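First up is the structure itself, then whatever we jot down about it.
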Amino acid sequence: MGRHREFDVEKALDAALCVFWRKGYEGASYADLTEATGVERPALYSAFGNKEALFRKALDRYYAHYLDYIPVALDLPTAREVAAHILYQAADLNTRYPDHTGCLGIHGVLAGSDDAEPVRQALIEARAVGEEQLRQRFERAKAEGDLPETADPGVLASFVLTILHGMAVQAKAGFSRERLERVIDQALSTWPTAS
């Protein structure tokens, strides 16, 4: 009969998530992970699998617990409200925790070793899914007359994500929430409106 786990798996996953958020996938060592979780390496392996599997579980948790504002945004009545909600919520999230600023989905692995390539590809795919959801929402806005006929929903989705990703980088570099919100105000001042 297997030995009963002597640690709270959810708390350990939250602690690992914060390490990955702060240091990225490759920057997070097993020593960092065991120190943060209070769980020895063999028990981490037993509970979560290898480091990549642990990262993927932490990323799923990040999306579920921290990016829950995105589905809310997609249901808002106008395309501009969708974009504004996502951007302002991201500015808050990117600056809320002083010890792990930015976005795990951006900073997890921007560039890395060949060993990190599967994780980097998983993050690229996750961002592509988000961009496609936005594009579809903006297509709907255009069909409903909320966006002008000349608006390109794909470009608008890319625009929002470019601002979003840039804010994550700037937050990691120390930009304040107030500064990011001014960037958002500037970006939204160019939002296309139906005549």
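The table for this structure:
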| quantity | calculated |
| --- | --- |
| Inter-site label distance for Asp60 and Leu76 at 7 Å from Cα along Cβ, in nm | 3.0 |
| Furthest towards positive pole of dipole, Asn94, His165, Ala15, structure part the chain, Cβ charges | Ala15 |
| MRE, 222 nm, helices only [DSSP H, n ≥ 4, -39500 (n - 2.57), over the chain, to nearest 500] | -22500 deg cm²/dmol |
| Relative contact order (%) - criterion: Cα under 8 Å, at least six apart; region: the stretch 68-158 | 23 |
| In degrees, nearest ten, helix 153-172 long axis to first principal axis of the chain (Cα) | 50 |
| Exposure ranking of Thr78, Thr150 by accessible area [1.4 Å probe, largest first] | Thr150, Thr78 |
| Probe 1.4 Å, protein heavy atoms only - accessible area per residue of the chain in square angstrom | 53 |
| Between helix 51-66 and the chain: long-axis angle, C-alpha atoms, 0 to 90°, nearest 10 | 40 |
| Within the accessible area of the chain (1.4 Å probe), percent carbon and sulfur | 52 |
| With eigenvalues of the C-alpha gyration tensor scaled by 5 and rooted, the chain, Å | 36, 17, 14 |
| Charged-residue dipole, Cβ positions (Lys, Arg, Asp, Glu), the stretch 38-195 about Cα centre, Debye nearest 20 | 360 |
| Total lysine pairs under 28 Å (Cα atoms) in the chain, excluding pairs fewer than 8 apart on one chain | 9 |
| Computed over the stretch 1-83, Kirkwood Rh from alpha-carbon pairs, angstrom | 14.2 |
| Dimensions in Å of the stretch 143-182 - Rg and Dmax from alpha carbons | 13.9, 40 |
| In degrees, nearest ten, helix 79-96 long axis to first principal axis of the chain (Cα) | 30 |
| The stretch 112-168, relative contact order in percent, only Cα pairs under 8 angstrom and at least six apart counted | 29 |
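The values are calculated or read from the model by the stated rules, or taken from the named source; none is laboratory data. In this text the structure is predicted, and so the values were computed from the model without any measurement. FYI the Cβ positions are ideal-geometry reconstructions off the backbone, even for glycines, and counts take in every protein chain you see. Heads up: the accessible areas ignore ligands, DNA and RNA and are worked out on the full protein's heavy atoms, side chains in. Shrake-Rupley method; radii C 1.70, N 1.55, O 1.52, S 1.80 Å.
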